[in-house]
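The values are calculated or read from the model by the stated rules, or taken from the named source; none is laboratory data. These numbers were taken from a predicted model, which means no experiment stands behind them. Backbone-built Cβ (ideal geometry, glycine too); neighbour counts: all protein chains shown. Areas reflect the complete protein model, heavy atoms only, side chains present, ligands, DNA and RNA absent. Shrake-Rupley method; radii C 1.70, N 1.55, O 1.52, S 1.80 Å.
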Amino acid sequence: MKILGIETSCDETALSIVEASGDQLSPHFEILNTALYSQIEIHRQYGGVFPAVAKREHSMNVTPLLESLLENYETTPFDATSVDWQNIETILEREPELFAKLKTFIETHEKPVIDMIAVTSGPGLEPALWVGINAARALSAIWNIPVLPVNHMEGHIVSVLLEGTATQFPMLALLISGGHTELILIESWGAYKKIGETLDDAIGEAYDKVARMLGLPYPGGPEISKLASFARDNNISDESIILPRPMQHTKDFNFSLSGLKTAVLYKVQAIGEVTDAHKQCIAREFEQAVTDVVTTKTTRAIEAHHVHALIVGGGVIANQYLRDALASVATSFDIPVLFPSKELATDNAVMIAIAGYVKQFDTQPTVCPEIRASGNLQLEA
Ligand code: KG4
Ligand code: ZN
């Protein structure tokens, strides 16, 4: 089965074609093609992602990306004069630039060999999500290919399946990104139970906000992590910079990051003239505080739910220090830890195609279904 994945939930416009085979418990995936455009440079000027800007960028970039995705890809003959363009224009009513470019593209290209389209319907920025959804519905109507909406967070979870690992349930997933910090108990694919989450900021968001306080560019996660690792490697620390570990010892599986972020703000204000050395020390202590809390909560969740594996997903897992700390936690329980590859750790469309494959065992995809963007889409059914 060849699946076209479409992801536009935040600031990456991503398309992929994944070939999937095997049953739901031991699927096999091969990436055939991918095309991704990151809007990071545009959002950097504003210090964060603005939904209207993200939407505009997605609308402009979907068709050029589709074109590069399908270059040299297997096609079958297609008669574009049979397309009901009025219907397609209605579907893309709010993305006129996308409609114009797409029409030209379709009229000059054959139909790709694709069996199903999987598109992110949430969670994320709704204006951004709508672009992907409408593009998926338009392509579905044009090419007569069925579509399944998928949950972005499920995409982050199943992204580890590309590595071809056998799965034994229950498993625990820790999802840490710019919008999410959650512990999910996985009873089987599609059966998820959220056992803990952040009560305020997500971890990636806290990284980004602390970076901004230190005058570092967006996205701040990689910047903080570079400074922190420099400080660790060179034994740079400052005993006067001690940050709290909010909720580390509460009996639940929830997180709170806003107190930690505020503690950094007060520290920065108290210091006044923040030097590079201050930044390195703050980054190191901040990363240590986050790591302490995350490993403690994950340890407790593994203990309480007797899981057979730990999956870690989301953009923050690009962070090597956290990765190593979580790997040690799993090792201490003698269970495997599954990480996505570096390319699949941040937002991408391969994980969306994989999620679509896992989901189609339980839910039949249909041509041009009604799909709503859901900014707060939950993993639990
Ligand atoms: O999953 P993702 O690509 O997008 C969301 O769905 O949010 O995650 C992006 C987040 C950003 O907050 C970014 O600062 C953070 O992941 N991030 C990192 C690192 N690389 C990216 N945080 C800490 N350390 C990193 N190395
Ligand atoms: Zn994400």
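Tell me the net charge near Asp292. Cut-off is 11 Å between Cβ atoms, Asp292 excluded, with +1 for each Lys or Arg and -1 for each Asp or Glu.
With Lys, Arg at +1 and Asp, Glu at -1, the net is 0.
Can you count the Lys pairs in segment 168-292 whose Cα atoms are under 17 Å apart, with each pair 8 or more apart or on different chains? Intermediate results must be reported in sequence, preceding the final value.
Details: Lys194/Lys251; Lys209/Lys226; Lys209/Lys261; Lys209/Lys267; Lys209/Lys279; Lys226/Lys279; Lys261/Lys279; Lys267/Lys279.
Step by step, the pairs that qualify in segment 168-292 add up to 8.
Scan around Asn33 for amide H atoms under 5 Å from its own, H built in the peptide plane at 1.01 Å from N, and keep only partners 5 or more places away or cross-chain.
HN-HN under 5 Å from Asn33: Ile17.
Are there trypsin sites (Lys or Arg not before Pro) in segment 65-118 that DSSP puts in a loop and that have at most 13 other Cβ atoms within 10 Å, and which ones?
Answer in residue order: Arg94.
Given the options Ser21, Ser229, Ser332, which has the most mean-square fluctuation in a GNM of the chain, springs set between C-alpha atoms less than 10 angstrom apart?
Its mean-square fluctuation being the largest, the pick is Ser332.
For the chain, what is the calculated [θ] at 222 nm in deg cm²/dmol (nearest 500), taking -39500 (n - 2.57) for each run of four or more DSSP H residues and dividing by its residue count?
Calculated at 222 nm, the ellipticity per residue is -13500 deg cm²/dmol.
Among the trypsin sites (Lys or Arg not before Pro) within segment 243-278, which fall in a DSSP loop and have no more than 13 other Cβ atoms within 10 Å of their own Cβ?
Lys251
For the chain, what is the accessible area per residue in Å², given a 1.4 Å probe and the full set of protein chains?
42 Å²
Beta carbons within 10 angstrom, averaged per residue: use that to sort the peptides 269-280, 8-19, highest first.
8-19, 269-280
Working only with C-alpha atoms, what are the Rg and Dmax values of segment 74-231, expressed in angstrom?
Calculated on Cα positions, Rg and Dmax stand at 20.6, 63 Å.
Segment 343-380: which GluC sites (Glu not before Pro) are DSSP loop and have at most 11 other beta-carbon atoms within 10 angstrom?
Answer in residue order: Glu370, Glu380.
Please work out the C-alpha center-to-center distance from segment 14-85 to segment 319-381 and express it in whole Å.
Cα centroid of segment 14-85 versus Cα centroid of segment 319-381: 18 Å apart.
Pull up all non-local amide H partners of Lys111: gap of 5 or more, or a different chain, and H-to-H distance under 5 Å with H placed in the peptide plane.
Under 5 Å from the amide H of Lys111 lie the amide H atoms of Thr76, Phe78, each far enough along the sequence or on another chain.
Straight-line reach only, C-alpha to C-alpha below 21 angstrom: list the lysines that Lys101 could link to, leaving out same-chain residues fewer than 8 apart.
Of all the lysines, those that pass the test against Lys101 - Cα under 21 Å, at least 8 places apart if same chain - are Lys55, Lys111.
Which percentage, to the nearest 5, of the DSSP beta bridges contained in the chain is antiparallel?
65 percent
Please list 3J(HN,Hα) in residue order for segment 13-21, calculated via the Karplus relation 6.51 cos²θ - 1.76 cosθ + 1.60 where θ = phi - 60°; whole Hz, with x for glycine and proline.
9, 9, 10, 8, 10, 10, 9, 10, 8
Can you give the % of DSSP beta bridges in segment 169-335 that are antiparallel, to the nearest 5?
70 percent
Among the aspartates and glutamates, which fall within straight-line cross-link reach of Lys297, defined as a Cα-Cα distance under 12 Å, with same-chain neighbours fewer than 8 residues apart omitted?
Here the aspartates and glutamates satisfying the reach criterion relative to Lys297 are Glu182, Glu197, Asp252.
According to the Kirkwood expression over distinct Cα-Cα pairs, how big is the hydrodynamic radius of the chain, in Å?
Every distinct Cα pair counted, the radius reaches 21.6 Å.
Given springs between every Cα pair under 10 Å in a Gaussian network model of the chain, which of Ala202, Ala327, Ala100 has the largest fluctuation?
Per the Cα network of the chain with a 10 Å cutoff, Ala100 tops the list.
If amide H atoms are built 1.01 Å from N in the plane of the peptide, which residues on other chains or at least 5 residues away come under 5 Å of the amide H of Thr198?
Thr181, Phe255
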